[in-house]
1. Can you name every one of the strands (runs of 3 or more DSSP E) wholly within region 64-127 that holds 1 or more residues which are more than 20 Å from MET144 (Cβ to Cβ), touching a Lys or Arg at 6+ places or on another chain (Cβ under 8 Å) and not aromatic (Phe, Trp, Tyr)?
2. Quick test for you: out of GLY132, GLY117, GLY196, pick the one residue that is among the small types (Gly, Ala, Ser) and more than 20 Å from ASP51 (Cβ to Cβ).
3. Name the residues in region 172-192 that are closer than 17 Å to THR129 by Cβ and either of a type outside the set (Phe, Trp, Tyr) or open to solvent by less than 60 Å² (accessible area, probe 1.4 Å) (or both), would you?
4. Scan region 107-127 residue by residue and report those that are open to solvent by 30 Å² or more (accessible area, probe 1.4 Å) and charged (D, E, K, R).
5. Can you name every residue in region 158-191 that is more than 12 Å from the chain's Cα centre (by Cα), modelled with pLDDT under 95 and among the aliphatic types (A, V, I, L, M)?
6. Tell me which residues, restricted to region 128-147, are among the basic types (Lys, Arg) and either open to solvent by less than 30 Å² (accessible area, probe 1.4 Å) or in a strand (DSSP E or B) (or both).
7. Can you tell me how many residues in region 72-106 are crowded, with 24+ Cβ neighbours inside 10 Å and of a type in the set (Val, Ile, Thr)?
Amino acid sequence: MLQPNGPATALDELSPLFQPHHAADWPWFEHHPVPAQLPMTQSLGWLFVPDGRVVTLLDAHNRLFRLPGGTIEMTDDADPATALERRAAQEAQLALGPSHYLGFQYDGRGDIHGGIGPCARVRMAAPVTRIGHTSAEPSSGRSMVRLLATPHQATGLIGCGKRGSQQADAAVRAAVALWGFPHSRARHIAEIPHCGGQL
């Protein structure tokens, strides 16, 4: 059983920035398929451990919180599940079980993708099956601080407001129905040990 090493001191040591996320105002379409004409640019995941908490990442470089996942690349064959699995392994050393599509947020501008215009940012849920030893992400050379928090604690850390809370609710419903995970009780946010652990 994975034993987190107590409250995450990284929250104090790194002085993370708690600020509203730009995704807070993007419309959320739960369970709606992405329209064919709308490019999928991102896949982020609510990644659950068996006690109902989710992995949340703290980027020590820019001191911001986020969910695991990232850009959907050509090598992912436009598949958000493949992109999420790849990114979870690269940046957080997580192995995942089969993922579940939750919906998408509509980004009307696509600024961080070169101003491509309207695009879809997909949100998934998945169970974590293994947590490996912390290592640097290949593309950036940086390591992420990996935290365990309840889904709604994660929403507060990321700063994604009402839309984030709606996503968290959808993710919890999926985790309970698909994997039998419990509703996680509020507790101290904990840092995952660098050595990882068994679930």
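1. Correct list: 100-107.
2. Checking each option against the conditions leaves just GLY117.
3. Within region 172-192, ALA174, ALA175, LEU178, GLY180, PHE181, ILE192 meet the criteria.
4. Hits for region 107-127 are ARG109, ASP111.
5. Listed by number, the residues that qualify are ALA186, ILE189, ALA190.
6. ARG130, ARG146
7. 1
The values are calculated or read from the model by the stated rules, or taken from the named source; none is laboratory data. Note that this is a predicted model, so its numbers are computed, not measured. Every residue, glycine as well, gets a Cβ built from its backbone with ideal geometry; the counts of neighbours run over all protein chains shown. These accessible areas exclude ligands, DNA and RNA; they are computed on the full protein's heavy atoms, side chains included. Shrake-Rupley method; radii C 1.70, N 1.55, O 1.52, S 1.80 Å.
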